[in-house]
Amino acid sequence: MKILNPATGTEITEITEDNRETLLKKFETLKMGLAGWSDTGLNARIDIVRKFSSLLESEKDILAKSLSDETGKPLQQALNEINGARTRIKWLTENAAQYLSDETMTESADMVEKISYEPLGIVCNISAWNYPWLVGVNVWIPALLAGNTVMYKPSEYATLTGLHVDRLLKSAGIPEPCFQVAIGEGKVGELLTEINFNGFFFTGSYSTGQKIYNAVAGRMIVCQLELGGKDPLYIADDVADVNAVAAGTADGAFYNNGQSCCAVERIYVHEKLYDAYTEAFLKEVASYKIGLPSEPGVYIGAVTRKAQIKLLQNQVDDALQKGATLAAGGKKIEGEGNYFEPTVLLNVNHEMNVMREESFGPIIGIMKVKDDEEAIRLMNDTEYGLTASVYSSDQERAQKILKKLDVGTGYWNCCDRVSAAVPWSGRHHSGFGATLSHQGLRAFTKPKAWQLRKSK
Ligand code: NDP
């Protein structure tokens, strides 16, 4: 398998893919490691994960460069990602003891009722490339903390990062048979779904998630899916500083080239502020520096997957053909690498694909609405349900709107952010189950109820 640099089109290296036989061998290795790892005390596991986090800190420049080279992400954003991964690990390690230890629920003179959290066993994590450190940490860190052994399949577009993860986990003290990496393209993911894992944890698109869910459905095992989104954002008519809000929300749409599961994918603006907001938004977008990910100050790097350029162009063409106005960008940037202009479409509506299908790139539609009710109706008009955001100076008003939206995360005056302290979960085509928070720690366990009578 060739690893290409999406910013230049050049080959970085070539790597041998796994096949059925090598995957089965790795699975057997993980089986051997399970008993020892789950018997290792929780405190010892926490110590190893903390060591891993400090290795990320000491190697962050090497890791960021490698991530930037294989994904086209600006170097600074790659560094931010590694720092963000460490912040999540900090929360998970600080809270693991509280949420993974036995819990006594009732205690009387002769009876104790308690819950223990046992590892699921050997779990498989098939993952995405857009934030390989962040979405990876959401899964393999709590899985390992809880005493599972893990097969990790990084996306083919984040293979080098996957190999760094493996190397650093082992350097930190994770025993060889407790963590294995499956190398390869989608076919390798498909082969993994045929293996008898005790749980599947998938981060990726709705269409692949559906295939994985179907493949394992008959086996009565845990299958958790973190999928795509078409995340809406509403600007109410009472925001105090339109320019600041426009800059912040443009960042929510264009950071990481819009390749975030919770990137702002559609914007609704109250008619009273529409002109001022779009003017400030366009000014912000025009200020973005586009270039090689390694150049200082670059904000828009390369789109990671070449195939995405065609999807973005189709969305622009479809919108223009149906009456949208192109206010910025709109096409591939000619020359080396997968570059697409940061694109803003106005006069959009829900007949257009750009307002319905996940774009996962530097493109956004902005639509005028007359009131909160219309905003709510349009925000809910989607098959996805990951996040939604409301900007308003009135918290009560914003929360009232957010309560009516069928999403896993509601943001007030912020967007495109993830916190380890609260569950990360989608609804409908955005998936189900949760990572992060106490729920995400326990997602990799099965509860055992203990009913213990002290005397006969
Ligand atoms: P894909 O669904 O294309 O791929 C995800 C993973 O599945 C990759 O490792 C891929 O391998 C593998 N895969 C592909 N086909 C199969 C198959 N038939 N069986 C098993 N595995 C398979 O998603 P992307 O990697 O392109 O990620 C982008 C998507 O992920 C977006 O929709 C985004 O919104 C979503 N996402 C969701 C997040 C969330 O938390 N909800 C977070 C981050 C991203 P390979 O890449 O090697 O082909």
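The values are calculated or read from the model by the stated rules, or taken from the named source; none is laboratory data. Computed from a prediction, not measured in an experiment: that's the story for all the values here. In this analysis, Cβ positions are derived from the backbone assuming ideal geometry, glycine residues included, and neighbour counts consider all displayed protein chains.
When Ala128, Ala44 are screened for being of a type in the set (A, V, I, L, M, F, W, C), closer than 23 Å to Phe179 by Cα and without any contact (Cβ under 8 Å) to a residue 24 or more places away in the chain, only Ala44 passes. Inclusion of Val422 among residues that are surrounded by 24 or more Cβ atoms within 10 Å (Cβ to Cβ) and assigned to a loop (DSSP other than H, G, I, E, B) is not warranted. On the stretch given as the range 103-122, residues that are in contact (Cβ under 8 Å) with a residue 40 or more places away in the chain and charged (D, E, K, R) total 4. Screening Gly84 against (1) within 16 Å of the ligand (Cβ to nearest atom); (2) part of a strand (DSSP E or B); (3) not polar (S, T, N, Q) leaves a single unmet condition, (2).
Of the residues contained in the range 269-281, none is found to be touching a residue at least 60 places away in the same chain (Cβ under 8 Å), small (Gly, Ala, Ser) and farther than 14 Å from Glu341 by Cα. Among the candidates Ser430, Ser359, Ser437, the residue that is more than 22 Å from Asp237 (Cα to Cα) and either aromatic (Phe, Trp, Tyr) or not assigned by TED's automatic domain parsing to the domain that holds Arg88 (or both) is uniquely Ser359.
Of all the listed residues (Glu358, Glu341, Glu383), the sole one being among the charged types (D, E, K, R) and more than 16 Å from the ligand (Cβ to nearest atom) is Glu341.
Residue count for the range 133-172 satisfying the condition of being more than 20 Å from Leu23 (Cβ to Cβ) and touching a helix residue (DSSP H, G or I) at 6+ places or on another chain (Cβ under 7 Å): 13.
Take the conditions (1) closer than 30 Å to Ala328 by Cα; (2) away from the ligand (no atom under 16 Å from the Cβ); Phe254 misses just one of them, which is (2).
Entry remark, the range 328-355: residues being out of contact with any strand residue (DSSP E or B) (no Cβ under 9 Å at 6 or more places or on another chain) and part of a loop (DSSP other than H, G, I, E, B) number 5 in total. Selection within the range 230-249: residues that are in a helix (DSSP H, G or I), touching a residue at least 60 places away in the same chain (Cβ under 8 Å) and over 19 Å from the mean Cα position of the chain (by Cα). The member of this set that is nearest to the ligand (Cβ to nearest atom) is Gly248. So if I check each of Ser393, Ser455, Ser359, which one is touching a helix residue (DSSP H, G or I) at 6+ places or on another chain (Cβ under 7 Å), assigned to a loop (DSSP other than H, G, I, E, B), over 30 Å from Gly147 (Cβ atoms) and not charged (D, E, K, R)? Unique residue meeting the criteria: Ser359. For the range 31-62, filtering for residues that are touching a Lys or Arg at 6+ places or on another chain (Cβ under 7 Å) and surrounded by 12 or more Cβ atoms within 10 Å (Cβ to Cβ) leaves 2. Entry remark, the range 263-304: residues being touching a Leu at 6+ places or on another chain (Cβ under 7 Å) and crowded, with 17+ Cβ neighbours inside 10 Å number 6 in total. Restricting the range 408-451 to residues that are of a type in the set (Val, Ile, Thr) and more than 11 Å from the ligand (Cβ to nearest atom) leaves a set whose member that is farthest from Ala146 (Cα to Cα) is Val422.
A single member of Ala143, Ala172, Ala158 is within 15 Å of the ligand (Cβ to nearest atom) and either at pLDDT 95 or above or farther than 28 Å from Gly361 by Cβ (or both), and it is Ala158. Taking (1) of a type in the set (Ser, Thr, Tyr); (2) more than 30 Å from Asn338 (Cα to Cα); (3) surrounded by fewer than 20 Cβ atoms within 10 Å (Cβ to Cβ) in turn, Thr10 satisfies each apart from (2). Taken over the range 139-155, the criterion of being within 21 Å of Gly41 (Cα to Cα) and outside any strand (DSSP E or B) is satisfied by Val139, Trp140, Ile141, Pro142, Ala143, Leu144, Leu145, Ala146, Gly147, Asn148. Taken together, the residues in the range 365-389 that are under 19 Å from the mean Cα position of the chain (by Cα) and either within 25 Å of Ala280 (Cα to Cα) or assigned to a strand (DSSP E or B) (or both) amount to 3. Scan the range 115-129 for residues that are outside any strand (DSSP E or B) and either more than 10 Å from the ligand (Cβ to nearest atom) or out of contact with any Phe, Trp or Tyr (no Cβ under 8 Å at 6 or more places or on another chain) (or both) and jot them down. Correct list: Leu120, Gly121, Ala128. When the range 175-229 is examined, which residues are found to be assigned to a helix (DSSP H, G or I), more than 10 Å from the ligand (Cβ to nearest atom) and small (Gly, Ala, Ser)? Listed by number, the residues that qualify are Ala217, Gly218.
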